[in-house]
Structures are given as C-alpha cells and as structure tokens.
Amino acid sequence: MRRSEFLRAVEDEFPGRSSSLLNDLVLSPLSGRTAKEALAAGLPPRDIWLALCTEMEVPESRRYGVGRLEPRKR
C-alpha cells in the first residue's frame, strides 16, 4: 500500500473525519503514535492502515484493497 492509497482509504472509510483521525487518534499498536506521526517516522502505510482499522473496529471485509485505484483499461 502506498501513502496515497492509504490516505484515499482513510477518506473513503471515514469521510469527513479522516483529518482528525490521522492527526489526533493515538494508535496503541504503533507505540502510541498517531497515524501522522507513524507516517513521518517511516512506518509502512499498510501497517498504519491495519492499526487504524483495528482501533476503529472496521470489519475485515473492508480492510483489504481499499484505497487502490482501479486498473487502467487498455
């Protein structure tokens, strides 16, 4: 998962709340960092996404592939 895919996934899953979740929500699995701090520290966006999903109780069915762009049609 790329950073852009992560940010898109957060916005898709939490419309209107993504900014506050990224900046304010402390994630225990990330050593008490916010998502923004974890990104700045170089943690993989996929790990941050999964920690955020766990904290926010996102069903597993919506955790994989969210934020990915559809493949280009040829």
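Scanning the range 1-15 for residues being assigned to a loop (DSSP other than H, G, I, E, B) and either free of Cβ contacts under 8 Å to residues at least 40 places away in the same chain or among the β-branched types (V, I, T) (or both) gives a total of 1. Filter the range 16-37 for residues that are in a helix (DSSP H, G or I) and in contact (Cβ under 8 Å) with a residue 12 or more places away in the chain and give the result. If the condition is that a residue be in a helix (DSSP H, G or I) and in contact (Cβ under 8 Å) with a residue 12 or more places away in the chain, then L21, L22, N23, S28, P29, L30, A35, K36 are the ones that fit. Within the range 2-21, being touching a Gly at 6+ places or on another chain (Cβ under 7 Å) and either surrounded by 17 or more Cβ atoms within 10 Å (Cβ to Cβ) or basic (K, R) (or both) holds for E5, F6, R8, A9. Restricted to the range 38-49, and to residues there that are without any contact (Cβ under 8 Å) to a residue 40 or more places away in the chain and outside any helix (DSSP H, G or I), the residue that is nearest to R62 (Cα to Cα) is L43.
Within the range 14-62, which residues are among the acidic types (D, E), farther than 16 Å from R2 by Cα and within 12 Å of the chain's Cα centre (by Cα)? Listed by number, the list holds a single entry, E55.
Readers should treat all values here as calculations from the given coordinates under stated rules, not as data from a laboratory. The structure presented is a predicted model; accordingly, all values stated were derived computationally and were not measured. Note that each Cβ is placed from the backbone with ideal geometry, even for glycine, and that neighbours are counted across all protein chains shown.
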